[in-house]
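Before any comments, here is the structure.
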Amino acid sequence: MQVKASHNSNCRRSTERIVLLAGCLLVALAEPAQAYIGPGAGFAVLSSALVILTAMLSAILTLFTWPARWVIRAIRGRRAFARAKVRRVVFVGLDGMDAGLVERYMEEGRLPNLAALRKRGYYSRLGTTLPAITPTAWSSFLTGTNPGKHNIFDFLTRDKRSYLPMLSSVQISGGRKPSIRLLRRGKPFWNILGEHGIFSNIIRVPITFPPERFRGVLLSAMCVPDVRGSQGTFSFYTTRPRDEAIYEGGEQVQVTREGNRIRSELVGPEIERNGGKVTLRAPFSVDIDDGNERATVTVGDTSLTLGRRQFSPWITVTFDGGVRRKVRGICQFQLIQTQPHFEMYVSPIQIDPENPAFPISHPTVFSMYLSKSQGKFATLGLAEDTWAHNECILEDPGFLHQCTEADEERERMLMDALDKVSQGLVVCVFDSTDRVNHQYWRYLDPRHPARHGFGDEKLATAIPDHYARIDAMLGRVLRRCDRPDTVVMILSDHGATSFRRGVDVNRWLINNGYMALKPDAKPGARYLVNVDWSRTRAYASGLAGIYLNLKDREGQGIVEPGEEADRLRDELCEKLRGLKDPQTGETAILEVYNSLKYYRGPFKEEAPDLMVGYNEGYRVSWEAAIGDITDQVFADNHKAWSADHCVDPRLVPGILFCNRKIEAEHPRILDMAPTTLDLFGVDVPKNMDGHVLSVAVNRKTESAD
Amino acid sequence: MGVLNSILTALFDTVYAVLGLGPRWLSLTILSGVVGVIALIVVRFCSNQAAIGRVKDDIKANMLSLKLFKDELRVVLKAQARLVWAGLRMQYYMVPPLLVMFIPFVLVAAQMGLRYQWRPVETNEPTDLTVLLRPDVPDSALNWVLETPDGVEASPSGRGVRINADRKAVVWNLTGRKPGRHVLTLQNGTESVTKEFVVGRDQDRVSPMRPGPSLLDRILYPAERPFGSDSIIQSIAVTYPPRDSWFHGADWWVFWFLVLSIVIALLLKPVFGVKL
């Protein structure tokens, strides 16, 4: 031991001598050789010295100009916070967090933070929108209006001329410089706050793509595409013969193993070149170690080794389209197995937040800032790959990994926002609660057809466990927000319920004489291409509703607007209301809503003519949603996607918690915008449909109560 | 040091035999580029690139933070403090490559100095030769005799002017009559030493000083074999005129060498995958 100690001591002394000698040499030679040390010193000193100098100058400038800037803002009339009741409002959105489950888990003691919040503040079920789906509900949240004013009625709408489905909230047209247009109407309430000088930090609120200009920062969410322009296309690389599987929402790439190496390409965006379209590709290789069930993936300069079922971190991929046409994306790899067949999952290649191909944030540098300060993060609108899970490419644990990773990324962003915004608005939406409901509800429902068949039962408690994780995260957020001038609201846009049976509404319309197929109809054809429009009076498209084939509105409309159309609407409502499933004897459709009567506003005629309110356990079938017409009206749902909320909104309310008392018995999601404006002392615009909720703003008074 | 200098001088003489065929600005640019690339490689392998990457991300994040949250005074001041801290961390991470590069680059720069800082004297252009002696030598040690080769004239011929004040030195005026690399011989009794003297060939490198035992002189004047520590001579120096050019002339060349090598390195850093 002594010898070792002595050796260590000698080593230390030697190191010290070397450092000392180097230091002396530097000092001794400094003056005459100062010009001779060249780039070494240049690199070391110039860059960092410039940073320090810039920071110091900027600090001095900030301090000296602060009073002047304060005066200028005051003179400009931005009397921000002049009438404000609070300094900061924080919304934590938990997409799809179900009220029934939350209440049950609170009673069971699984959600201690939410239970405590209910006790000291406020809790209520939150009224959602018709339809109770994410894009519609969050659009109502941010505009404070009913869908008739913000124009978002579904994920999808249809092209009136061709009947083809298209995204409801954004229109992306190709070309050398793609044009992206937001189809949501109405003004987000943070824009109104900004006009009154109040800063907002908005993170991943759905239907905020493309990002709009306002006073604040915003990271877009739902409908942000991947680098291919799709809403998320995963890739599955395998040595299996190609015809063994076809996947929804992804593609299979058959690869060939040469010894222990596989070479293939990642598929990137399509660009125009020399008058034609070219798909950009990025090569990668995999070196397989069968003995240890590992593989080393090499993409560009990055090389990393993955074990079986292990996910990689975000990897940057560069697609080279020529000079000034490089497109950068990020993706994750998961090695599924090396034997008997090699199988690897690659997530949709998402827009690199550090070098976005087009803006995904406002200002554009905000996504760069987040990436630099916190590392790469998922940017795709629907970041969690439900399609790959449905297709059993991702197993239950793999999908859950994606959910929890997205949550961790989001929590870091939220914490940073809370650190950065001491007064103003912070909104952050977590999606994983919705995804976990969708994909693991089958473990909660013993009658679900897909209860078995997706991995083992180890994740039977995935939903309660995930809700508990979210509760713990909320605990951290609430502690960070524990200031007397901060109001925290935790809400979900809707809940969820089991999706056991799908309803092919188009088949029902055919069976009841409202729709006709072409004589040469091909089985499995999508997008309603088999429909004989000259004999069709109504059709279903998307998740939410039914459209009339209205003359002068639809491409080949035959129903006369006015009396005939009104009669048809009433007739369909009457016949579909209370529709029973002959196999189970259950009522599949509780209510059918006539949009013209239900919505108010300039865009109500853009809605599906009828909105279908399904009962618990039912939803529009997968096939009907994409215009593929099957042979039977009712069919079991065998996908991992086992819960949904495209049902009667009364069945799937959201949740609302607040750290203050609120006087409201039936709050609705569209009340959030006017309530926030009121908290900041800003007049509520007349076109908002929501009401101002009475929030207790003085915590001392509240405690005394 | 002497061996290393001999090798480096021979190497640079060979390199300049080629580079000297072109204009001097070109040789300076090429050498700056080569040095920049070598510096990049040194930084790549001798620094903690991952840590530098993190610091750079930190710097960019805080810079962006200043822009994005400019109205939050607390955030702005915090970002500025973090920038200062990141700058210091960056300097810390650059110390290892700096230590590795320091000595080699000083040696390289010293070789370049012989070629860009001074020029040979022109034919018939007068200059001085100074022999600097140890201060403790007796007066008899000042009796040095200069033997000039054909093409070089010394004044006074033979023994030089002796200076015996605060330092002990012997000085001659020299005039080159023929262009060429001449060898001057100095004798004092049985002791004989030499010093090279370059006349009239503009592209040639010069050796302003044959150094003594001083480490600094040995580094900065590497062309001739230095005197040992037992020698009574501290140095023999020829006063060469400075080169006159705003780019590759005296003093300027160092500036442009520094700028060009850094700029070229910065331009090429993506090629070498180096984080700076």
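The values are calculated or read from the model by the stated rules, or taken from the named source; none is laboratory data. Since we're looking at a predicted model, the values are computed, not measured. Cβ placement follows ideal geometry from the backbone for every residue including glycine, while neighbour counts extend to all protein chains displayed. What goes into the accessible areas is simple: the full protein's heavy atoms, side chains included, and nothing from ligands, DNA or RNA. Shrake-Rupley method; radii C 1.70, N 1.55, O 1.52, S 1.80 Å.
Below is a table of values for the structure above.
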| quantity | calculated |
| --- | --- |
| Percent RCO, i.e. relative contact order, over chain A, from Cα pairs under 8 Å lying at least 6 residues apart | 21 percent |
| Shielding by partners - mean other protein chain Cβ count within 10 Å, residues of B:55-61 | 5 |
| Solvent exposure of segment B:126-238 as accessible area per residue, Å², 1.4 Å probe | 46 Å² |
| In degrees, nearest ten, helix A:134-143 long axis to first principal axis of chain A (Cα) | 70 degrees |
| Between segment A:623-658 and segment A:114-176, the Cα center-to-center distance that results, in Å | 16 Å |
| Segment A:425-487 and segment B:185-232: distance between their alpha carbon centers, rounded to Å | 81 Å |
| Environment charge at A:Gly375 (Cβ cut-off 14 Å; Lys +1, Arg +1, Asp -1, Glu -1) | -2 |
| Amide N proximity, segment B:42-58 versus A:Thr296 label position 7 Å along Cα-to-Cβ, cut-off under 15 Å | none |
| P(r) of the protein assembly as shown over all Cα-Cα pairs, binned every 10 Å from zero, in whole percent | 2, 9, 15, 17, 15, 12, 8, 7, 6, 4, 3, 1, 0, 0 |
| Set of segment A:603-629 residues, backbone N closer than 18 Å to the point 7 Å along the Cα-Cβ line of A:Leu182 | A:603 |
| Between helix B:49-68 and chain B: long-axis angle, C-alpha atoms, 0 to 90°, nearest 10 | 60 degrees |
| Long-range amide H partners of A:Phe284 with built H, under 5 Å | A:Ser264, A:Glu265, A:Leu266 |
| Average projection area in nm² (convex hull over Cα atoms of segment B:126-238, one quarter of hull surface) | 7.0 nm² |
| Accessible surface of segment A:535-620 [probe 1.4 Å, protein heavy atoms]: carbon and sulfur percent | 47 percent |
| Accessible area per residue in Å² at 1.4 Å probe, computed on segment A:224-380 | 43 Å² |
| Shielded residues, segment B:89-105 - accessible-area loss of 30 Å² or more between chain alone and all protein chains, probe 1.4 Å | B:Gln91, B:Met94, B:Leu98, B:Leu99, B:Phe102, B:Ile103, B:Phe105 |
| Estimated distance in nm for a label pair at B:Val171 and A:Arg83, the labels positioned 7 Å out from Cα along Cα-to-Cβ | 8.9 nm |
| Given charges at Cβ of Lys, Arg, Asp, Glu: the protein assembly as shown dipole, positive-most of A:Ala388, A:Thr338, A:Phe311 | A:Phe311 |
| Accessible area in the full protein assembly, largest first, 1.4 Å probe, for A:Leu193, A:Leu444 | A:Leu444, A:Leu193 |
| Calculated [θ] (222 nm, deg cm²/dmol) that DSSP helices of n ≥ 4 give over chain B, each run adding -39,500 (n - 2.57) | -16500 deg cm²/dmol |
| Shape call, segment A:499-651: gyration tensor on alpha carbons, a/c limit 1.5 | oblate |
| For segment A:401-528, convex hull volume per residue from C-alpha positions, Å³ | 188 Å³ |
| 0 to 90° range, to nearest 10: angle between helix A:2-33 axis and chain A longest Cα axis | 80 degrees |
| Added length on full extension, which subtracts the Cα-Cα distance from 0.36 nm per residue, B:Ser157 to B:Asn48 | 33.1 nm |
| Rounded percent of accessible protein surface that carbon and sulfur make up, segment B:126-238, 1.4 Å probe | 47 percent |
| Helical mean residue ellipticity (222 nm; -39500 (n - 2.57) per DSSP H run of 4+; nearest 500) of chain A | -9500 deg cm²/dmol |
| Spin-label model distance (nm) - A:Ile75 vs A:Met166, 7 Å beyond Cα toward Cβ | 4.8 nm |
| Buried accessible area, chains A and B (both chains, 1.4 Å probe, Å² to nearest 100) | 4400 Å² |
| Long-range amide H partners of A:Ile207 with built H, under 5 Å | A:Ala221, A:Met222 |
| Gain in span if fully extended, B:Asp150 to B:Val263, counting 0.36 nm per residue against the direct Cα distance | 36.0 nm |
